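J.: Right, I'll just put the structure down here and ask away after.
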Amino acid sequence: MTAAIIDGKAIAAALRGKVAGEVARLKRDHGITPGLAVVLVGNDPASEVYVRSKSRAVIEAGMAPCDHKLPATASEHEVLALVAKLNADPAVSGILVQLPLPPQIDAQKVIASIDPMKDVDGFHPVNVGRLSIGLPALTPCTPTGCVMLAKSVQPSLGGLDAVVIGRSNIVGKPVAQLLLAENATVTIAHSKTRDLAALCRRADILVAAIGKPELVRGHWLKPGAIVVDVGINRVSGEGGKSKIVGDVAFDEAKALAGAITPVPGGVGPMTIACLMLNTVRAACALNGLKASL
Ligand code: NDP
């Protein structure tokens, strides 16, 4: 068997197109332009790249960007004051504070200060709690994208065995909650899990969110499994050039899996598309409107 390749780029582009349509409808019918405020503290180069691509996507979707850059020396008080201002600003539908934050700032405190209705990253304890008890919530972007990719090949995940490798608050735990909400039977594995390979062999859906290059080998997979690879690992490739690989040994896995996301071009593009989706959903909720997406 050769796995179907799940084209995250195409699925993300289609989702961004739908978001742009919803933004146009909100402007036309309600005079509302959703706005996303992105707060960047310091000069972390990777964060600067992410923030630039988020702002580009906001503009492409027809939404209003609202970027705030604070110096690496900014105090916790300054960041909290900025978030308070954005919470109160009716032009801002979503607030994203780019992580990581410099060490003098308590990230959990900053996240908890965001209005849960504007928490487009889905990291606020209120949204985490709402997701866990099955209430509507703004859900984290990468995990939401993972589930969409799995559903693109298997629309109903009910009753399937899902194994999520990784238990971070950003990826592993919310992916597990979202799969549970889809009625999958979910097991969460982590660095203390015994016999990971045997566990993976039971998985109809395997989500790898580990951060270890090609840890998951092809022979670990159940034939026909849906494999969603979240990992982004830079390794040295041919001729000393570096390349990006996932947490799954792709060439081995594609011989056995039913469907697999590539790295790059799988989960990665879904994160920003789901951020745009959350922003438009937040704009609707803040204005008492039902989102059509
Ligand atoms: P973390 O480092 O926060 O979590 C990694 C998880 O993997 C931990 O739960 C850890 O277990 C587990 N783990 C580590 N080693 C093993 C092992 N040998 N066997 C089983 N489990 C193991 O990472 P993140 O969740 O933040 O990210 C995971 C990956 O996803 C990274 O490569 C990251 O770059 C990528 N990523 C991609 C995104 C995107 O595509 N847009 C967005 C976010 C992340 P334990 O808890 O026991 O330590």
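The values are calculated or read from the model by the stated rules, or taken from the named source; none is laboratory data. Here the structure is a predicted model, which means the values were calculated and not measured. Glycine gets a Cβ as well: all are built from the backbone with ideal geometry, and neighbour counts include every protein chain shown. Just the protein is used for accessible areas: all its heavy atoms, side chains included, with ligands, DNA and RNA removed. Shrake-Rupley method; radii C 1.70, N 1.55, O 1.52, S 1.80 Å.
J.: Suppose we keep only residues that are over 17 Å from Gly246 (Cα atoms) and of a type in the set (Lys, Arg) within region 169-227. Which one would you say is farthest from the chain's Cα centre (by Cα)?
T.: Arg194
J.: Hey, another quick one. Would you please name the residue that is most open to solvent (accessible area, probe 1.4 Å), looking only at residues in region 177-204 that are of a type in the set (Gly, Ala, Ser) and out of contact with any helix residue (DSSP H, G or I) (no Cβ under 8 Å at 6 or more places or on another chain)? Spell out how you get there, then give the answer.
T.: Residues of region 177-204 that are of a type in the set (Gly, Ala, Ser), as a first pass: 181, 184, 189, 191, 197-198, 203.
Those left that are additionally out of contact with any helix residue (DSSP H, G or I) (no Cβ under 8 Å at 6 or more places or on another chain): 184, 191, 198, 203.
Details: Ala184: 6, Ser191: 102, Ala198: 41, Ala203: 1 Å².
For region 177-204, the residue satisfying everything is Ser191.
J.: Would region 116-134 turn up any residue that is closer than 30 Å to Asp195 by Cβ and within 13 Å of the ligand (Cβ to nearest atom)?
T.: Scanning region 116-134, I find no residue that is closer than 30 Å to Asp195 by Cβ and within 13 Å of the ligand (Cβ to nearest atom), so the answer is no.
J.: So Gln154 fits all but one of (1) crowded, with 17+ Cβ neighbours inside 10 Å; (2) in contact with a Leu (Cβ under 8 Å, 6 or more places away or on another chain); what number is the exception?
T.: That leaves (1) as the condition not met.
Conditions tested, residue by residue: (1) closer than 22 Å to Val147 by Cα; (2) polar (S, T, N, Q).
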position	(1), (2)
Ile6	yes, no
Lys18	yes, no
Leu26	no, no
His30	no, no
Gly35	no, no
Val39	no, no
Ser47	no, yes
His68	no, no
Ala72	no, no
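J.: For the structure I just gave you, tell me whether Val228 is in contact with a strand residue (DSSP E or B) (Cβ under 8 Å, 6 or more places away or on another chain), open to solvent by 30 Å² or more (accessible area, probe 1.4 Å) and among the β-branched types (Val, Ile, Thr).
T.: Numbers: in contact with a strand residue (DSSP E or B) (Cβ under 8 Å, 6 or more places away or on another chain): yes; open to solvent by 30 Å² or more (accessible area, probe 1.4 Å): no; among the β-branched types (Val, Ile, Thr): yes.
No; evaluated as a whole, the condition is false for this residue.
J.: Let me ask you something else. Examine region 7-26 for a residue that is out of contact with any Leu (no Cβ under 6 Å at 6 or more places or on another chain), without any contact (Cβ under 8 Å) to a residue 40 or more places away in the chain and not in a helix (DSSP H, G or I), and state whether such a residue exists.
T.: no
J.: Next question, about the same structure. Being out of contact with any strand residue (DSSP E or B) (no Cβ under 7 Å at 6 or more places or on another chain), in a loop (DSSP other than H, G, I, E, B), at pLDDT 95 or above and within 23 Å of Lys54 (Cβ to Cβ), is that true of even one residue in region 283-293?
T.: yes
J.: Do any strands (runs of 3 or more DSSP E) lying entirely in region 32-144 carry at least 1 residues that are buried (at least 20 other Cβ atoms within 10 Å of the Cβ) and outside the structural domain of Glu182 (by TED's automatic domain parsing), and which ones are they?
T.: Details: elements: 35-41, 64-70, 94-97.
Passing ranges, in order: 35-41, 94-97.
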